[in-house]
Amino acid sequence: MQYAFGVSPYCDHCGRLEGDGDHSACHAARLMEPPRHCPACARRLVVQVTPRGWSARCVEHGVTVG
């Protein structure tokens with residue numbers, strides 16, 4: 001996944017480094033769920049899910065909407 005700050009070093013589902021292990025289950029889960037971790041710093045996100053979509057906020061890097 002590409003973000004405004006470049007390629008994400010962390011998995012936005014599990015929070016581990018993208019290069020560490022197989023993230024195919026994480027990528028499959030992300031098709032149905034919002035992100036849970038910031039892809040830039042791996043912090044846990046504040047996620048709000050609504051009937052029309054979701055928003056996820058990192059204290060350091062701001063809001064992502066989907």
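Helix content alone sets the calculated 222 nm mean residue ellipticity of the chain: runs of n ≥ 4 DSSP H residues at -39500 (n - 2.57) each, divided across all residues, give -2000 deg cm²/dmol.
Which order do peptides 12-19, 32-39, 52-59 fall in by mean Cβ count within 10 Å, highest first? List each step's numbers first, then the result.
Details: 12-19: 16.1, 32-39: 18.0, 52-59: 13.5.
The peptides rank, most packed first, as 32-39, 12-19, 52-59.
Can you classify the chain as rounded, prolate or oblate using the Cα gyration tensor, where a ≥ b ≥ c are the square roots of its eigenvalues, rounded means a/c under 1.5, and otherwise it's prolate if a/b beats b/c and oblate if not? If you can, show how the numbers build up before the last one.
Numbers: a/c = 1.88, a/b = 1.24, b/c = 1.51.
It comes out oblate by the Cα gyration axes.
Could you provide, to the nearest whole Å², the per residue accessible area of the chain with probe 1.4 Å?
Values: 4460 Å² over 66 residues.
Accessible surface, normalised per residue, equals 68 Å².
Taking all protein chains together, VAL46, VAL65 sort by accessible area into VAL65, VAL46, largest first [probe 1.4 Å]. Computed about the Cα centre, the dipole magnitude for the chain is approximately 280 debye when only Lys and Arg (+1) and Asp and Glu (-1) carry charge, each at its Cβ.
The values are calculated or read from the model by the stated rules, or taken from the named source; none is laboratory data. Just so it is clear, the structure is predicted and the values come from calculations on it, not from any experiment. Neighbour counts are summed over all protein chains in view; Cβ atoms, including those assigned to glycine, are modelled from backbone coordinates with ideal geometry. For accessibility, only protein heavy atoms count, side chains too; no ligands or nucleic acids. Shrake-Rupley method; radii C 1.70, N 1.55, O 1.52, S 1.80 Å.
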